[in-house]
Amino acid sequence: MKARPLSHHFKPKTIAEFNTIIRSLSSSSDYISAAIHYTFLRRTILPDANTFPFVLRSATFLRYPILAQSLHSEVTKLGFYLDPFVRTSLADAYFKLGSFQLALQMFDETPEWWKFENSTIWNVIINGYVKMGNLENAGDLFDKMPNQSPATWNCLIDGYLRRNHGGDIRKAEVMFERMPEKDVVSWTTMVSGLSRNGENQEALKMFLRMLKGDESGRGALKPNDFTIVSALIACAKMGALESGVWIHRYITRNDFQLNKQIGAALVEMYAKCGRIQSASQVFEKISHKDLITWSSMISGWAMHGDWQNSVQYFEDMVKTSKIMPDNVVFLSVLMACSHSGMVEKGIKMFDSMRAKYKIKPDVRHYSCMVDMFGRAGRLDEALKFIESMDVVKPDHITWGALFNACRHHKNIELAEFVSKKLQQINPKHHGSYVFLANMYAETGRWKKAETVRNIMTNKNVSKSPGLSCIEADGEMHNFLSGDRNHPCSLEIYKKLDEVVRAAGAKGYVPATEWVLHDIEEEEKEDALGCHSEKLALAFGLLKKEDVEDEILIVKNVRVCGDCHSLFKFVSRMLERRIVVRDNKRFHHFVHGVCSCSDYW
């Protein structure tokens, strides 16, 4: 950043002009110039109390503690030490620069009358504690505040939601309900925080509660752009298409601008809810597209395995909009090429990333290339590619991509080698054990499969439980494998049995190799029959009887091979469009065919 020689053209004669220059530079984020001009102008004009907050702001953003300490000395020398606004600025600067004790000293020495009348310095210290993660001290100080402003409540609630990277949701909710007056920021903090902590259903309920107010409608508030974006992100994560469409209509009815932020959130929501064409339509209506907007659309095409549109949008972004890609955009394009089997195109994109765009690939890009070679059956090339990685070390995702290719192409010898690599990297990760056991089971090597299961037990390695979600009438319904807790359980199992029998009559044979135990075939079929995605499918068929209604299921882990086979039969037999989003990609089941070409 280059300092602007403003004072060479205009030399201030009064302190008001002096402060205008400093304020202008600091407010326009030209912090270096603000600091330099303060030093230059200080020689001829004495600063006043209004000067220091803006120079201290510059010192903070420049991460320059020496300047802050120098300004502190100036403040004391010139007699502004007791000025409450100057003290607040000093406390804020010290906290942000890591000098916590000095910040607390500023607070302790602030006159009590000013503390009583003004919440600013309280907010500075509480915010500082929150950013340090010291929520106990922040809470204690909050309880002592004579006048607790909405900003202070919001700061503490946000702190609880961000605590230890996992959030203390219960405390945040208690604080929120205690709030005497909730503003838009309060509601937005809760909606975004709940979604960030995986409580997406609660986030959506909070958003709707904000719009409706209490039973009489009192307390209802209009959301801001960030509230809308947070609610759409929650819908995208859950696959709550009905709720997402409702929010889109709300945006239109209430004259929200389709700006970059809301536009990108809508694109992501539609893409992650299986409606890629709707995402594309929204994208075209966004007048000012930035890198994030383009990235959302390119990623959407990639999730759905459409390499042509993914690459086409990439080229339009670079050539037409003159926006340079980043590593996230390249990851999406490589994923699209991988899922579509376009190996040569993928290699070309990977090479251009380094040579043309000067972007260093990270382990995710290398893993995507391994996946690309593996999907194409080029296992030797995939292994050589991993062995050639010198700058970036392969991780469990890299080896996992090759392991999945071994499973698909039934190369047990290489799978055993890769499994050992995975166990060296992360002995507790279940993936390498489960896939290897599955491969042994598929080929009838039950003793080896049982050995792998025993190793898992001895090492206390557990498989993540499969959870499938489906939306019906604006409500999300969750299913675990073997789940009988749903109010409609009897009807669900009856419908599932009916569907499986009908599919069996059409040629469906349960893929019992997906059961690891060496048990009777009939028992294996029973074990497969209650997988979470099958229960979600049966529920979807009950609730969405119109054949035109798409059934969207979101699963937290990879879809089971037997369920994948059944869904193909059901899509043809009942002429239904079924969409499954697992943790790897989208599966569009139409007329008995899956968009993944049976590789996932």
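Quick note: the coordinates plus some simple rules give every number you see, no bench work behind them. Worth saying up front: this structure is predicted, and the values here are computed from it rather than measured. Counting neighbours? That spans all protein chains shown, and the Cβs are built from the backbone with ideal geometry, glycine included.
Fully extending the segment from Ser287 to Val328 would add 12.5 nm, taking 0.36 nm per residue of separation and subtracting the current Cα-Cα distance. When the square roots of the Cα gyration tensor eigenvalues are ordered a ≥ b ≥ c, the ratio a/c for the stretch 362-463 is 1.5 or more and a/b does not exceed b/c, which makes its shape oblate.
Each of Leu542 and His409 was given a label point 7 Å from its Cα along the Cα-to-Cβ line. The distance between the two points is 4.4 nm. Could you work out the helix-only [θ] at 222 nm for the chain, with each DSSP H run of four or more residues adding -39,500 (n - 2.57) and the total divided by the number of residues, to the nearest 500 deg cm²/dmol? Estimated from H runs of four or more residues: -19500 deg cm²/dmol. Cα centroids of the stretch 22-79 and the stretch 430-472: 62 Å apart. Please list, short to long, the whole-number percent of alpha-carbon pairs of the stretch 89-179 in consecutive 5 angstrom bins beginning at zero. Binned Cα distances yield the sequence 3, 15, 26, 25, 17, 10, 4, 0.
Quick check: from the Cα gyration tensor, does the stretch 467-594 come out rounded (a/c under 1.5), prolate or oblate? Judged from the Cα gyration tensor, the stretch 467-594 comes out rounded (a/c under 1.5). Between helix 225-238 and the chain, what is the angle of the helix's C-alpha long axis to the longest principal axis, kept within 0 to 90° and rounded to the nearest 10? Taking Cα atoms only, the helix is inclined about 20 degrees.
Isolated cysteines of the chain, defined as having no other cysteine beta carbon under 4.7 Å away, are Cys155, Cys235, Cys273, Cys337, Cys368, Cys406, Cys469, Cys488, Cys530, Cys594, Cys596. Label separation (Val174 vs Asp497): 4.7 nm, computed from points 7 Å beyond Cα along the C-beta direction. Rounded to 0.05, the FRET efficiency of the Glu387 and Ala220 pair, given R0 = 60 Å and the Cβ-Cβ distance, is 0.45.
When you filter the trypsin sites (Lys or Arg not before Pro) in the stretch 41-131 for DSSP loop state and at most 14 other Cβ atoms inside 10 Å of their Cβ, you are left with Arg42, Arg43, Arg63. The stretch 320-376 and the stretch 270-296 have their alpha-carbon centroids 20 Å apart.
Using R0 = 35 Å, the C-beta based FRET efficiency linking Ser597 and Asn460 works out to 0.40. Spin-label model, Asp108 to Leu82: label points 7 Å out along the Cα-to-beta-carbon direction sit 2.0 nm apart.
In terms of packing, defined here as the mean over residues of other Cβ atoms within 10 angstrom, the peptides 65-74, 366-375, 347-356, 258-267 line up highest first as 366-375, 258-267, 65-74, 347-356.
Normalised by the number of residues in the stretch 467-594, what is the relative contact order in percent for Cα pairs under 8 Å and 6+ residues apart? So the answer I get is 27 percent. Counting only DSSP beta bridges whose two residues both lie in the chain, roughly 80 percent are antiparallel.
Packing here is the average count of other Cβ atoms within 10 Å per residue, and on that basis the peptides 403-409, 569-575, highest first, run 403-409, 569-575. Net length available on complete extension from Lys144 to Glu475 is 115.0 nm, with 0.36 nm assigned per residue and the Cα-Cα distance removed. A Förster radius of 41 Å combined with the Cβ-Cβ distance from Asp48 to Arg253 puts the calculated FRET efficiency at roughly 0.20.
Considering only Cα atoms, the convex hull volume of the chain works out to 205 Å³ per residue. Using only alpha carbon pairs under 8 Å that are at least six residues apart, calculate the relative contact order of the chain and give it in whole percent. Computed value for the chain: 6 percent relative contact order. Round to the nearest 10 and give me the degree value, 0 to 90, for the angle of helix 532-543's Cα axis relative to the longest principal axis of the chain. Between the helix axis and the principal axis of the chain, the angle is about 90 degrees. Computed from Cα positions, the angle between helix 169-178 and the longest principal axis of the chain comes to roughly 50 degrees. Max-minus-min Cα coordinates of the stretch 204-273 on each principal axis give 37, 24, 17 Å, with the largest extent listed first.
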